[in-house]
4 protein chains.
Amino acid sequence: MSNKIGEKFQITSFGSSHGTAVGAVIDGCPANLELSSEDIQKELDKRKPGTSSVTTPRKEADEVQILSGIFEGKTDGTPITGVVFNKNQHSKDYSMFKDTPRPSHGDFGWMSKYGNYDYNGGGRGSGRVTIGHVIGGAVAKKLLKTHNIEIVSHVVQIGDVKARKMSFDEIKENIERNPVRCADLKAAEEMEELILAKKVDGDSVGGIVETIAVNVPAGLGEPVFERLDGDLARILMNIGAVKGVEIGLGFEVADKSGSEINDEYLIENDKVKTKTNNSGGIIGGMTNGMPIVSRIAVKPTPSISKCQSSVDISKMENKKIEIKGRHDPCICPRVTVVSESSTAIVLADHMIRSGFIHPSNLES
Amino acid sequence: MSNKIGEKFQITSFGSSHGTAVGAVIDGCPANLELSSEDIQKELDKRKPGTSSVTTPRKEADEVQILSGIFEGKTDGTPITGVVFNKNQHSKDYSMFKDTPRPSHGDFGWMSKYGNYDYNGGGRGSGRVTIGHVIGGAVAKKLLKTHNIEIVSHVVQIGDVKARKMSFDEIKENIERNPVRCADLKAAEEMEELILAKKVDGDSVGGIVETIAVNVPAGLGEPVFERLDGDLARILMNIGAVKGVEIGLGFEVADKSGSEINDEYLIENDKVKTKTNNSGGIIGGMTNGMPIVSRIAVKPTPSISKCQSSVDISKMENKKIEIKGRHDPCICPRVTVVSESSTAIVLADHMIRSGFIHPSNLES
Amino acid sequence: MSNKIGEKFQITSFGSSHGTAVGAVIDGCPANLELSSEDIQKELDKRKPGTSSVTTPRKEADEVQILSGIFEGKTDGTPITGVVFNKNQHSKDYSMFKDTPRPSHGDFGWMSKYGNYDYNGGGRGSGRVTIGHVIGGAVAKKLLKTHNIEIVSHVVQIGDVKARKMSFDEIKENIERNPVRCADLKAAEEMEELILAKKVDGDSVGGIVETIAVNVPAGLGEPVFERLDGDLARILMNIGAVKGVEIGLGFEVADKSGSEINDEYLIENDKVKTKTNNSGGIIGGMTNGMPIVSRIAVKPTPSISKCQSSVDISKMENKKIEIKGRHDPCICPRVTVVSESSTAIVLADHMIRSGFIHPSNLES
Amino acid sequence: MSNKIGEKFQITSFGSSHGTAVGAVIDGCPANLELSSEDIQKELDKRKPGTSSVTTPRKEADEVQILSGIFEGKTDGTPITGVVFNKNQHSKDYSMFKDTPRPSHGDFGWMSKYGNYDYNGGGRGSGRVTIGHVIGGAVAKKLLKTHNIEIVSHVVQIGDVKARKMSFDEIKENIERNPVRCADLKAAEEMEELILAKKVDGDSVGGIVETIAVNVPAGLGEPVFERLDGDLARILMNIGAVKGVEIGLGFEVADKSGSEINDEYLIENDKVKTKTNNSGGIIGGMTNGMPIVSRIAVKPTPSISKCQSSVDISKMENKKIEIKGRHDPCICPRVTVVSESSTAIVLADHMIRSGFIHPSNLES
């Protein structure tokens, strides 16, 4: 198994839902970045369950401890290890899932590929494993901030409820004002209602999350196989439940003409800009200095309490399954911090790779 | 710049549109695969321009030469080098593009990042560079065929014309029967008309290409950061002009419920299958043995002959640009062989990485 | 900084001498290997200081905790995280080393490259960091044992005292019978005396450590750039204090003729063997089935209590330095477990890469 | 098989002794380096056989062609492909080696690992494959020269004849004045005599080659697993025939005391230097600004015309073998350009990785 992502700014993630701990080692962060456990905790709190009407009522404290990589309040260039010890993890009996994969969950893959599957709480296939992504993303965000780069993810669709377009500043402000993390406050209310209705029904619903990164310099990414759009698509598609990734106009380009959507250039304040941003900040695999805009399609949580068909793979026979428990009826609000983190990891990595951030020492 | 993709089955691509040659080195193909230059030529011929009404009338012979890696008609485990020497490449004066980036082309990135840009015919940013992808893909396909795996890409949408669903066998057969490479022959005709209308108009149009891979065993891909869906998304997004990637239902999941789209399991002929394939053959980052289905959004060719706004980056002033020349009004038909090749490269790589294909010798 | 080694069996090491913890994440160990913390503790105990007359009298408990990767007593394919929390680490004031690099220590590099150097106890440049190597090596050894591969390192020279040749079984047995870990018991006594004399003198002494691996199948390693001898040389040279690496006859080949040292082939018990093993088990970068033999040159511990010349890099002026403290007068005995571990990591990695060990599941 | 080395400055080598061509792709060289095929040819000419009394009388023209990566006389950031087409390669019948491995050659590994071995002229196991190393090294050297870094390799021992110590400038000058590439001209004569005597005798002899790199800045290399000494040891050990690698004093450290060989610091001309350079320019895995000094042990050419024992691996029976042909009785003189090239590749890679050379554009 490979649990690492990034080339120069590299995350190695470890741990499982009901094991001793989950965490990540961040290797390649240059020295002299101010960093504390609060910087990481703040991000982890965004993904913490049990904090609103629309997420699972499970309570998890999720307190991070830094085991290495900080000296006198700053990174020292050595690997940063962040760990969250699991607590109360044996609250429930999961043995009915031992040989019976839950539909549209990763269980079947784990069972057949590795043959020794920790089925408790989904093991390392659990969403809880994104704690590692968020630890890595928190460090990446702090590093990007030294270059004024900011990233925000927000919910733009849940079921058939769509948010209208908002400015970057409105998005940053409004997502903190509702549990759905949607910037269009009216749509947010409808989304919340829809999620609660699904919850009552023992069902779940999907949605779309958009991520915007601003102040990224032109020239990140490489034009053939290590394109920035390719690397973003990979890390975003690697988030559990994601089934599609778009950059800029995305699938809308299919029925457009070149003359409608080409991003024409102009000089503005002595800088090259584009009149429109249909490309979403990336052309030819490289950034052009405009905001980077991506969207991901998030499937409805596969854990639903309705009765479903499955199989017992040890007896090789059909079987019915009901998944009781406290699941998120819609994962989109909690995915936002993961897509923010993932985007930050890719950008931090490319900022170092492209020579914008010094590889060993921020003060060089 | 990094021009390599894959971990065990690794492609290093080189060359530019108007340089001496384009090609690729394929490293990591096990020994004892029967391989000839015809295997590669056959695939290259699919992307060759000048062969139909809907592509550019430019003629390029694109004959491949194998420089290494074959002994007595079979691979010998050493790197396979395939080269296409460029011919008649100085047919035209491109100097007006030296400092003036074409809207929605990669030029601006190349100019600002590398500072010594071969602007002739788009240099290494040209679609011609996908010859390297196709050389790699041809070897990958041949290797996958030893395990009965087949891959096909077809056009499912051009502009607002959409094809209806077809079976795998119909797709394989029908795409050879029309220049658009669309399996729905009626839609294919409308697509052809639409493309020709755009061509007359000096404009271009986008579309969607779907790729299906069958007979892929369960257990390819790794569940956290080297997921098969992530690796597919990356290589597909790395194709120039692609702005979105979907697996299975893709963006349709957003307004669905879990109960509607979960893929329930059943035992069929002593094998675990799913009743539906909304996941597109990949759940939790790993294959489940069902067909792998992806779709990419392809933007309209940015090269259009209509007048557009651009800038002269050496004088830092606004400027108008008209791109004359023989461009594809719709790139989708020629993209099909590139998405097939890209998919084949990722699958071949993971077949080796997951232990399904021996890393050094097919006869081991 | 990069703190990772290996391609398929991959170690990411973290932590520093006086930080919160040191440890390693092992990624890529297949599932279904029986593994407990005792397997790791046993190896860590070999490098633990304070256990004999010839090592530092510092006491360190060095108890390992496994945070992830084990399910029901076996690996489950997920990353294995082993951590040793540091204790009593603030016993001493190291501030005199803040700006004054110790001669022939890494300090100067750390200071000038990273600019925020944890100088306490040598920070991440400390020998204590090899705890990560040993954790990784312990897992690698257990994995190799499933294929009957055994590795042993022993001291063959300290100062001018050289051990005579011994058989593999004698080496395994005898090194446990003396604190120097030398298989020639008479030489071992002289070595011990020499080390103690250097200790009294406030000085230190170098030596040579040999590592032998038996039962490695033919065909490990790749013949051009990922040769097994190259990968061994790298990991062994990466051990602090090592200034030379030899395979087989090593530097002795310089004054030999081909006719004297070529390893001629013969058939023995239906297997291809060589009459001699001057190549040390590796020819053309690949194993030939004979024992793998390497030797490393270990420099005298640079920490000596004699007065030495150094500089104050903040004031840029010359300065005298005396390094008080409890240092190993000869590091060779404790290096043995690190060279064993390093060799095991490289072999485990190549056993997976070459298809001898399944990448995900030992029971596949 | 993996045929690539380097992380940011990356060489992918291809081709075999009697195939169509040998060559290399250099990926990651920044744009705006002046480069011509003469720069490469000059280096290739140093390894060309048939040019002196002490090398094989085989004639090979070895003319390099650049297929990509240069625009208007300068690199443009895209991959540089250099190819040497093989000529007259079928001069001889090698079929007696098809199933009979030559002692201490890589043949046996190739046969057993890949199962389809191009035995003609040693196939890809031939020394001819180092043409790829030299192409890569030529580009690396040109790149390093922009930072004033120079590298020279010279022969310091053949058989029992040892050269005395010489200055860097004497070495550069004197090695061009004798076919052995030894800087001590008196020793060079004795070496030449010794080699010719071995040649007459149908035998071969080993030696030692030293490489010195000057003007390398302090701070190259990373202190744990990507140490510069480790990376140098790997690439040097990867050269066929090399059985040992030393940095600085190397194996001499074994019988020294810390007080004898520690490199004490002093300030000289406002720079930190060491009084001695026993460390060979690398301490703690990182350069300290002093010259980098390495030595490699080169075994006698295994191809000798004396009768030797081998086996027929298809019949599994013992067999005698005589290797007729025109072989180098001592490979050391021709190895010098390969060790120079290998050292240059590693240094160029680390210069980019450590932020001393911009990754995409020398003029940034």
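List every residue whose amide H lies under 5 Å from the amide H of residue A:257, counting only residues 5 or more places away in sequence or on a different chain, with H placed 1.01 Å from N in the peptide plane.
none
May I ask you to list the trypsin sites (Lys or Arg not before Pro) in segment A:320-362 that are in a DSSP loop and have at most 16 other Cβ atoms within 10 Å of their Cβ?
Hits after loop and neighbour filter: A:324, A:326.
So what is the diffusion coefficient of segment A:272-325 in µm² per second by Stokes-Einstein at 20 °C and 1.002 mPa s, using a Kirkwood Rh over Cα pairs?
Translational D for this selection: 137 µm²/s.
Quick one: pull the percent of accessible area on segment D:211-284 belonging to carbon and sulfur, 1.4 Å probe, ligands and nucleic acids left out.
Here carbon and sulfur together make up 39 percent of the probe-accessible area.
With a probe of 1.4 Å, find how much accessible area segment C:4-353 has per residue, and write the answer as a whole number in Å².
So segment C:4-353 comes to 32 Å² accessible per residue, rounded to a whole number.
Considering the convex hull of the alpha carbon atoms of segment D:4-353, report its projected area averaged over all viewing directions, in nm², one decimal.
19.0 nm²
What average count of beta carbons from other chains do you get within 10 Å of the Cβ of residues in C:295-307?
5
Net charge near residue B:127: determine it from the other residues with C-beta under 9 Å of the C-beta of residue B:127, scoring Lys and Arg +1 and Asp and Glu -1.
In short, +2.
Calculate the mean, over all residues of peptide C:285-293, of how many other protein chain Cβ atoms lie within 10 angstrom of the residue's Cβ.
Going residue by residue through C:285-293 and averaging, the value is 3.
In segment C:345-364, what residues drop by 50 Å² or more in accessible surface going from the chain by itself to the full protein assembly, probe 1.4 Å?
So the qualifying set is C:360.
Looking only at other chains, what is the average number of their beta-carbon atoms within 10 angstrom of each beta-carbon in D:275-284?
Taking the mean over all residues of the peptide, I get 4.
Can you tell which of A:307, A:29, A:182 shows the greatest fluctuation in a Gaussian network model of chain A with Cα springs below 10 Å?
The residue that fluctuates most here is A:307.
Tell me, what HN-Hα J-couplings in whole Hz come from the Karplus equation 6.51 cos²θ - 1.76 cosθ + 1.60 at θ = phi - 60° for each residue of segment C:309-315, using x for Gly and Pro?
8, 8, 9, 9, 6, 7, 8
From the label point of residue B:53, set 7 Å from Cα along Cα→Cβ, how far away are the matching label points in the other copies, in nm, ordered shortest to longest?
From this label point to the equivalent ones elsewhere in the assembly: 5.9, 7.8, 9.7 nm.
Between copies, how far does the label point of residue C:169 sit from its twins, in nm, shortest first, when each point is 7 Å from Cα along Cα→Cβ?
6.3, 6.6, 8.3
Each residue of segment D:22-29 in order: what ³J(HN,Hα) in whole Hz does its phi give by Karplus 6.51 cos²θ - 1.76 cosθ + 1.60, θ = phi - 60°, with x for Gly and Pro?
Each residue's phi maps through the Karplus curve to give 10, x, 7, 9, 9, 10, x, 6 Hz.
How big is the accessible area of residue D:71 in square angstrom, nearest 10, if you roll a 1.4 angstrom probe over the protein chains?
20 Å²
Anything over 21 Å Cα to Cα? Flag those among A:145/C:4; A:306/B:256; A:165/A:275; A:165/A:199; A:141/A:162; A:4/D:8, in the order listed.
A:145/C:4; A:165/A:199; A:141/A:162
Over the alpha-carbon set of segment C:265-364, divide Rg by the Kirkwood Rh and report the Rg/Rh ratio to two decimals.
When Rh is taken as the Kirkwood radius, the ratio is 1.23.
For chain A, take the longest principal axis of its alpha carbons; what is the angle in degrees between that and the long axis of helix A:37-47, to the nearest 10 within 0 to 90?
60 degrees
Suppose R0 equals 25 Å; then what is the FRET efficiency for residue A:177 and residue A:145 from their Cβ-Cβ distance, rounded to the nearest 0.05?
Efficiency, rounded to the nearest 0.05: 0.65.
Between the DSSP loop rule and a limit of at most 16 other Cβ atoms within 10 Å, which trypsin sites (Lys or Arg not before Pro) in segment C:219-312 are left?
Answer in residue order: C:275, C:306.
Rounded to the nearest 100 Å², what is the sum over both chains of accessible area buried where B meets A, with a probe of 1.4 Å?
7800 Å²
Based solely on its DSSP helices, what 222 nm [θ] is calculated for chain D when runs of n ≥ 4 H residues each add -39,500 (n - 2.57) and the sum is averaged over all residues, nearest 500 deg cm²/dmol?
Result for chain D: -8000 deg cm²/dmol, rounded to the nearest 500.
In the Gaussian network model of chain C, springs joining C-alpha atoms below 10 Å, which of C:254, C:21, C:213 carries the largest mean-square fluctuation?
Ranking C:254, C:21, C:213 by mean-square fluctuation puts C:254 first.
Rg/Rh for the protein assembly as shown: what does it come to with C-alpha atoms and Rh from Kirkwood? It would help to have the intermediate numbers written out before the result.
Working: Rg = 31.3 Å, Rh = 32.7 Å.
Ratio of gyration radius to Kirkwood radius for the protein assembly as shown: 0.96.
Give the residues of segment D:113-132 whose amide nitrogen is closer than 19 Å to a point set 7 Å from the Cα of residue D:324 in the direction of its Cβ.
Zone members listed by number: D:120-122.
Along Cα→Cβ at 7 Å, what distances in nm separate the residue D:38 label point from those on the other copies, shortest first?
Its label point is 4.6, 6.4, 7.3 nm from the equivalent points in the other copies.
Nearest 0.05, what FRET efficiency do residue A:276 and residue D:266 give at R0 = 45 Å with Cβ-Cβ as r?
0.15
Tell me which residues come under 5 Å, amide H to amide H, from residue C:263 once H is placed; ignore anything under 5 positions away on its chain.
For residue C:263, whose amide H was placed from the backbone, the distant partners under 5 Å are D:104.
Report, to the nearest 10°, how far helix C:185-200 tilts away from the longest principal axis of the Cα atoms in chain C, using its own Cα long axis and a range of 0 to 90°.
The two axes meet at around 20 degrees.
Which ³J(HN,Hα) values in Hz, rounded to whole numbers, follow from the phi angles of segment C:260-274 under the Karplus curve 6.51 cos²θ - 1.76 cosθ + 1.60, where θ = phi - 60° and Gly and Pro get x?
7, 10, 4, 8, 6, 8, 8, 8, 9, 6, 6, 10, 7, 10, 10
Loop-only trypsin sites (Lys or Arg not before Pro) in segment B:138-210, please: DSSP not H, G, I, E or B, and at most 14 other Cβ atoms within 10 Å.
Those that pass, being in a loop and sparsely packed, are B:164, B:165.
Choose one answer from D:191, D:96, D:316: the residue with the largest mean-square fluctuation in a GNM of chain D with alpha-carbon springs under 10 Å.
With Cα springs under 10 Å in chain D, the top fluctuation among D:191, D:96, D:316 is at D:316.
According to the Kirkwood expression over distinct Cα-Cα pairs, how big is the hydrodynamic radius of segment B:126-253, in Å?
Over segment B:126-253, the inverse of the mean reciprocal pair distance is 16.5 Å.
Taking amide hydrogens as modeled 1.01 Å from N in the peptide plane, which residues meet the under 5 Å criterion relative to residue A:71, leaving out close sequence neighbours?
Amide H to amide H, under 5 Å and 5 or more residues apart or across chains, residue A:71 pairs with A:76.
The values are calculated or read from the model by the stated rules, or taken from the named source; none is laboratory data. Not measured: the values here are computed from a predicted model. Positions of Cβ are generated from backbone atoms using ideal geometry, with glycine treated the same way; all protein chains shown enter the neighbour counts. We work out accessible area using only protein heavy atoms, side chains counted, and drop any ligands, DNA or RNA first. Shrake-Rupley method; radii C 1.70, N 1.55, O 1.52, S 1.80 Å.
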